[in-house]
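Report on one structure; see the data block that follows.
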Amino acid sequence: MADNTEENLDKIPLSKVTKPLVTVDEEMSIKECAQIMADRKIGSLGINLHGKTVGIITKTDLTRHYLQEHVGKKRVGDFMTVSYVSMYEDDPIYKIAAKMVEEKVSRIILKNKSGVPIGVVTFRDLFRIALTMGQEENTVDNTDSMISVVFPRKGFLSESGFGKTIITKEVMSNKIVTADYNDDVITACEIILDNNVNGVGVLINGKLGGVLSKTDITRALVSV
């Protein structure tokens, strides 16, 4: 079987990564749409009108709807995921990408050598780096200060390509956007939308204790 981690982005046909669009009728309620997304673990639905798909609804749309319609209904702590996936700032990005795939998450909290959370890296960050590095024919590994090794340009999931040469702290955000455990969920919605992120860290007594994502907000919408 071919090792797909060696493939370059510009060599992967769209047909290999696309999935069928799940669609619903335009008269379906927002809550029912949220239920389908939560049950199927998907991020969007196509909207059908007279048998044709005329648009989509996403978790971002659901987050915006929650913010507008459900003030005072639920606390962040009621729907947060009471854990988070973490790795270290000096891990190479191929390990981060592999961890995201393994854990089925789109963000990883990064810690320093003392185990203190100091930043976050998202799939969006990795994708941006993959596109940037994808413009280069070769990449240089300077991890051994005595010698530089030139690698052919390969996928960021590859241990033998540029996925090994870039340390995660080079691409991470130094700011972990947070909300408090006792905040109204709409506070988290505002933070997520204002910062254009998919989730926030949740502080419990001032320490990071979990995350609240758009997926969690989707679940909250089902419950109200």
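The values are calculated or read from the model by the stated rules, or taken from the named source; none is laboratory data. On a predicted model such as this, the values are computed, not experimentally measured, just so you know. With ideal geometry, Cβ positions are generated from the backbone for all residues, glycine too; neighbour counts draw on all protein chains shown. The accessibility values were calculated without ligands, DNA or RNA, using every heavy atom of the protein model including side chains. Shrake-Rupley method; radii C 1.70, N 1.55, O 1.52, S 1.80 Å.
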Expected single match for open to solvent by 40 Å² or more (accessible area, probe 1.4 Å), touching a helix residue (DSSP H, G or I) at 6+ places or on another chain (Cβ under 9 Å) and of a type in the set (Lys, Arg) among Lys104, Lys74, Lys113, Lys52 is Lys74
If Gly201 meets every condition in (1) out of contact with any Pro (no Cβ under 8 Å at 6 or more places or on another chain); (2) under 16 Å from Tyr84 (Cβ atoms); (3) modelled with pLDDT of 95 or more; (4) not polar (S, T, N, Q) apart from one, which number is that one? (1)
Please go through segment 34-69 and pick out each residue that is more than 19 Å from Glu190 (Cα to Cα) and in contact with a Cys (Cβ under 8 Å, 6 or more places away or on another chain). Leu45
Look at Arg40 and say whether it is out of contact with any His (no Cβ under 7 Å at 6 or more places or on another chain), within 25 Å of Ile109 (Cα to Cα), of a type in the set (Lys, Arg) and open to solvent by 40 Å² or more (accessible area, probe 1.4 Å). no
Where Ser173 falls short, out of the listed (1) closer than 19 Å to Arg128 by Cβ; (2) touching a Ser or Thr at 6+ places or on another chain (Cβ under 7 Å); (3) open to solvent by less than 60 Å² (accessible area, probe 1.4 Å): (2)
Which condition breaks for Asp144 when tested against (1) surrounded by fewer than 12 Cβ atoms within 10 Å (Cβ to Cβ); (2) of a type in the set (Asp, Glu); (3) modelled with pLDDT of 85 or more? (3)
